[in-house]
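Here is the structure we will look at.
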């Protein structure tokens, strides 16, 4: 296996793990949403959990894309898209 093939395989694995983590985070959020008191008292935190999962999915998409530079244009989370527009800017 060439180095390029090994790198591609590693990036695919990273993307797969990011997707798995996003599912796990969403499952945690869903579990927490089953308690009305948690929703009432921690809505912003629950929304943060969802945003984390979304960001992970978009990062996985970029890693799997044939052209990550083109795929950046499709990112649905504006804050993440902005980070790629100015990758050296502090966050």
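No lab work stands behind these numbers, since they all come straight from the coordinates. Quick caveat, the model's predicted, so the values are computed rather than measured. Backbone-built Cβ (ideal geometry, glycine too); neighbour counts: all protein chains shown.
In percent, rounded to a whole number, the relative contact order of the chain is 30, using alpha-carbon pairs under 8 Å and six or more apart.
Packing, as the average of other Cβ atoms within 10 Å across residues, places the peptides 13-25, 30-42, 68-80 in the order 13-25, 68-80, 30-42, highest first. Note on the chain: Kirkwood radius taken over Cα pairs, Stokes-Einstein applied at 4 °C and 1.567 mPa s, translational D equal to 88 µm² s⁻¹.
In the chain, helical runs assigned H by DSSP with n ≥ 4 each contribute -39500 (n - 2.57); averaged across all residues and rounded to the nearest 500, the mean residue ellipticity at 222 nm is -27000 deg cm²/dmol.
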